[in-house]
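Remarks on the structure that follows.
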Amino acid sequence: QKRSASLMVLHALQEHFGWISQEAVEWTARKLELQPINIYELVTFYPMFRSQPMGKYQIKICRTLSCALGGSHELYRHFCERLGLDPKKHGPQTTPDGRFTVEFVECLAGCGTAPVMMVNDDFYEGVTLAKADELLAKCQ
């Protein structure tokens with residue numbers, strides 16, 4: 001019961017703030033009469049929750065097998081290099097100006113048109129490096 005309430009509160013907080021801060025974890029725990037570790041476990045277990053601020057433009061690149069074979073690792077490296085991020089670092093990375101966050105994600109359900117990616121809520125299929133540059137220019 002408290003777990004589902006915790007998840008609902010966390011979703012609402014993330015929808016409002018864009019991420020789940022330590023203060024939000026502690027507030028949620030107090031409101032639901034739980035320990036902060038109980039809430040922190042949920043935030044770190046479920047991949048839909050963010051424990052750090054995200055950029056204005058969130059670039060999500062699929063890394064599952066079809067996309068990996070279709071060039072998603074090269075695409076990820078290309079975005080990182082263009083934005084001054086480390087392509088070897090794991091997890092989401094945000095540019096210092098807070099404009100872009102780049103991350104690998106699991107299947108985006110476009111296996112037949114790999115590699116696929118998203119920029120915020122927009123879905124792109126068969127993304128070439130040239131198309132990646134076009135997408136970045138559109139976000140500037």
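How about segment 1-34: which of its residues are of a type in the set (A, V, I, L, M, F, W, C), over 22 Å from G91 (Cα atoms) and loosely packed, with under 14 Cβ neighbours inside 10 Å? Of everything in segment 1-34, those that are of a type in the set (A, V, I, L, M, F, W, C), over 22 Å from G91 (Cα atoms) and loosely packed, with under 14 Cβ neighbours inside 10 Å turn out to be A5, M8, A12.
Taken over segment 8-20, the criterion of being modelled with pLDDT of 95 or more and touching a helix residue (DSSP H, G or I) at 6+ places or on another chain (Cβ under 9 Å) is satisfied by V9, L10, L13, I20. Here E33 fits the description: of a type in the set (D, E) and in a loop (DSSP other than H, G, I, E, B). Number of residues in segment 58-74 that are assigned to a strand (DSSP E or B) and in contact with a His (Cβ under 9 Å, 6 or more places away or on another chain) equals 1. Residues in segment 35-49 that are open to solvent by less than 80 Å² (accessible area, probe 1.4 Å), more than 18 Å from G91 (Cβ to Cβ) and of a type outside the set (A, V, I, L, M): P36, N38. Any residue in segment 37-57 that is outside any helix (DSSP H, G or I), closer than 23 Å to K138 by Cβ and at pLDDT 95 or above? Yes, segment 37-57 contains a residue that is outside any helix (DSSP H, G or I), closer than 23 Å to K138 by Cβ and at pLDDT 95 or above. If you go through segment 75-111 and pick out every residue that is buried (at least 18 other Cβ atoms within 10 Å of the Cβ), in contact (Cβ under 8 Å) with a residue 24 or more places away in the chain and part of a loop (DSSP other than H, G, I, E, B), you end up with 3.
Cβ-Cβ distances below 8 Å connect the following pairs, each with a first residue in segment 115-140 that is on the phi > 0 side of the Ramachandran plot, a second residue that is open to solvent by 50 Å² or more (accessible area, probe 1.4 Å) and not in a loop (DSSP other than H, G, I, E, B), and a separation of six or more residues or different chains: G126/T113. Is one or more of the residues making up segment 80-99 in contact with a strand residue (DSSP E or B) (Cβ under 9 Å, 6 or more places away or on another chain) and closer than 15 Å to L69 by Cβ? So far as segment 80-99 goes, no, none of its residues is in contact with a strand residue (DSSP E or B) (Cβ under 9 Å, 6 or more places away or on another chain) and closer than 15 Å to L69 by Cβ.
One line per residue, one yes/no per condition, for (1) touching a strand residue (DSSP E or B) at 6+ places or on another chain (Cβ under 8 Å); (2) without any contact (Cβ under 8 Å) to a residue 12 or more places away in the chain:
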| site | (1), (2) |
| --- | --- |
| E15 | no, yes |
| S51 | no, no |
| I61 | yes, no |
| S66 | no, no |
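Against the definition (open to solvent by 60 Å² or more (accessible area, probe 1.4 Å), within 30 Å of D122 (Cα to Cα) and of a type outside the set (A, V, I, L, M, F, W, C)), how does Q52 come out, yes or no? Criteria met by Q52.
The values are calculated or read from the model by the stated rules, or taken from the named source; none is laboratory data. Since the structure is predicted, the reported quantities are computational estimates derived from the model, not experimental observations. Cβ coordinates were reconstructed from backbone atoms using ideal geometry, including for glycine residues, and neighbour counts include every protein chain displayed. Accessible surface is based on the protein model in full, side chains and every heavy atom, while ligands, DNA and RNA are left aside. Shrake-Rupley method; radii C 1.70, N 1.55, O 1.52, S 1.80 Å.
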